[in-house]
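K.L.:
I am attaching a structure below and will ask some questions about it afterwards.
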Amino acid sequence: MNALYNRYRPGTFAYVLGQDGVQAVANAVRNGEPHHAYLFVGPRGTGKTSVARLVAMGLNCDQGPTAVPCGVCQSCQSIKDGSAMDVREIDAASGAGVDGVRELTQSMHVVPAFGRYRVFIIDEVQAFAKQAWQAFLKTLEEPSPQTVFILCTTDAHKVPPTVQSRVSRIDFRLQPAEVIAECVLGIAVREGATQVDEDAALMIGRAARGSFRDGIQILDDLLRGADLGPASLTREMVAERIGQSDEALTFKVLGSVAGHDVPGTLEACAYLLASCEPADALDGLERLAREVMICSSLGGIPTSMQTTPAHDSLIGALTKTLGAPGAARLLEEVGVALQRIAAGADPRVRLELALLKCADPQLAPTNVESLAARLDRVEGIATGQNGTGRPT
Ligand SMILES: [Zn+2]
């Protein structure tokens, strides 16, 4: 399991980075007026269970109710190590169906053994069968003042509307790469790393694709895998561990594709493949093409996607040259290539084909877009500037 993630679960609400909805929950806990049932909705690894435990700790802490649980009193400790009598964590996906709910229903009217509140945390609640929901609905209709339910799910639409209307819904979002990078940096330093390359942290942030848990998992693997102990964390270490393609080389490939420079595209691709596998190269291309597509469509880089000034300016340049249509086309071709590779095709050939289909307008399918590209070329030839740097 993810030992590092469990060790660094946030200890107070203040550290639940970037989740706006959590503030309302924190206020309710501090005032000792929690809603009797919450629905935490969001992708995996965005902190739902961490916040659920914080609610339990904040309500029952010896210093509480508080939004800043002490973390050291008997109550806080027992919640952290999972031994608290008044806090139950149930995984609906592991078969806790009707029986689990019935057991809950029976125990919910029991006065808390030690704490002020009984807190039931139900993970993966979308896995509940119809009967389990019916049983659960009864408990929601007769709430007990000292009981708080926290339902966590990745799939809100699988929660019946009758339940949704009786709970307070809090949304958890995927986190921007730099927020995860900041968190990874902090943990690496606290774990004893003396030298941490900021680019390395950012690479981890991107590879985590919005999930704190995945980011910390990668860091955990790296720190435990380091032969010389966790003295330093470099971008080479990260690249080797997670097989991420070198971003500078990936930008070079994209620049050549955008300029319809066929020889340049093949050359840049060869350089890229000297440092990573074709599948990683496709992964890197997909990530950057997606950023270009979004930024082109929005007409600028949204704050949530900004990273380093160097990266931002390269993305900015590509939004002008490749643009949303070019990026969308590349994403399509990368998708096709990945499918064919999964079906057994040669990865390098598929990568090159995907790139050439985007770089060389002659290989484009006959459609309006390719006609326009051809017209542009003809126009370029007519005015004596073909715009590709190639002889015509
Ligand atoms: Zn405490």
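K.L.:
Residues of region 71-83 being near the ligand (Cβ under 9 Å from one of its atoms) and open to solvent by less than 50 Å² (accessible area, probe 1.4 Å), which ones?
P.N.:
Those that are near the ligand (Cβ under 9 Å from one of its atoms) and open to solvent by less than 50 Å² (accessible area, probe 1.4 Å): GLY71, CYS73, SER75, CYS76, ILE79.
K.L.:
Can I ask one more? Mind checking which residues of region 174-208 are within 17 Å of ASP246 (Cα to Cα), out of contact with any Gly (no Cβ under 7 Å at 6 or more places or on another chain) and not aliphatic (A, V, I, L, M)?
P.N.:
Once the filter is applied, which keeps residues that are within 17 Å of ASP246 (Cα to Cα), out of contact with any Gly (no Cβ under 7 Å at 6 or more places or on another chain) and not aliphatic (A, V, I, L, M), region 174-208 yields ASP197, GLU198, ASP199, ARG206.
K.L.:
Would you confirm, using the coordinates I've provided, whether ARG213 is open to solvent by 10 Å² or more (accessible area, probe 1.4 Å) and modelled with pLDDT under 80?
P.N.:
no
K.L.:
Mind counting the residues in region 220-257 that are among the small types (Gly, Ala, Ser), surrounded by 17 or more Cβ atoms within 10 Å (Cβ to Cβ) and either at positive phi or at pLDDT 80 or above (or both)?
P.N.:
Residues flagged as among the small types (Gly, Ala, Ser), surrounded by 17 or more Cβ atoms within 10 Å (Cβ to Cβ) and either at positive phi or at pLDDT 80 or above (or both) within region 220-257 amount to 2.
K.L.:
Here's a follow-up. Taking interchain pairs and intrachain pairs at least six residues apart, which have beta carbon atoms under 8 angstrom, with the first residue in region 72-85 and closer than 8 Å to MET57 by Cα and the second polar (S, T, N, Q) and within 13 Å of the ligand (Cβ to nearest atom)?
P.N.:
SER75/ASN60; CYS76/ASN60; ILE79/ASN60
K.L.:
Let me ask another. Which residues, taken from region 38-65, are near the ligand (Cβ under 8 Å from one of its atoms) and either part of a loop (DSSP other than H, G, I, E, B) or among the aliphatic types (A, V, I, L, M) (or both)?
P.N.:
Once the filter is applied, which keeps residues that are near the ligand (Cβ under 8 Å from one of its atoms) and either part of a loop (DSSP other than H, G, I, E, B) or among the aliphatic types (A, V, I, L, M) (or both), region 38-65 yields MET57, CYS61, ASP62, GLN63, GLY64.
Okay, residues lined up against (1) modelled with pLDDT under 90; (2) within 20 Å of LEU351 (Cα to Cα):
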position	(1), (2)
GLY259	no, yes
VAL262	no, yes
TYR271	yes, yes
ALA274	yes, yes
GLU277	yes, yes
LEU288	no, yes
SER304	yes, no
HIS311	yes, no
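K.L.:
Note down all Cβ pairs under 8 Å where the first residue falls in region 54-65 and is closer than 11 Å to ILE79 by Cβ, the second is within 6 Å of the ligand (Cβ to nearest atom) and assigned to a helix (DSSP H, G or I), and they're at least six residues apart or on different chains.
P.N.:
These pairs meet every condition: MET57/SER75; MET57/CYS76; ASN60/SER75; ASN60/CYS76; CYS61/SER75; CYS61/CYS76.
K.L.:
Please determine, by comparing only the residues of region 156-189 that are out of contact with any Leu (no Cβ under 8 Å at 6 or more places or on another chain) and either touching a residue at least 60 places away in the same chain (Cβ under 8 Å) or of a type in the set (Phe, Trp, Tyr) (or both), which one is nearest to ASP312 (Cα to Cα).
P.N.:
Taking the candidates together, the pick is PRO176.
K.L.:
Can you tell me which of PRO325, PRO309 is surrounded by fewer than 21 Cβ atoms within 10 Å (Cβ to Cβ) and farther than 21 Å from ASP360 by Cβ?
P.N.:
PRO309
The values are calculated or read from the model by the stated rules, or taken from the named source; none is laboratory data. In this text, all values refer to a predicted model and were calculated from it rather than measured experimentally. Every residue, glycine among them, receives a Cβ derived from its backbone with ideal geometry; neighbour counts consider all protein chains shown. In case anyone asks, the SASA skips ligands and DNA or RNA and just uses the protein heavy atoms, side chains included. Shrake-Rupley method; radii C 1.70, N 1.55, O 1.52, S 1.80 Å.
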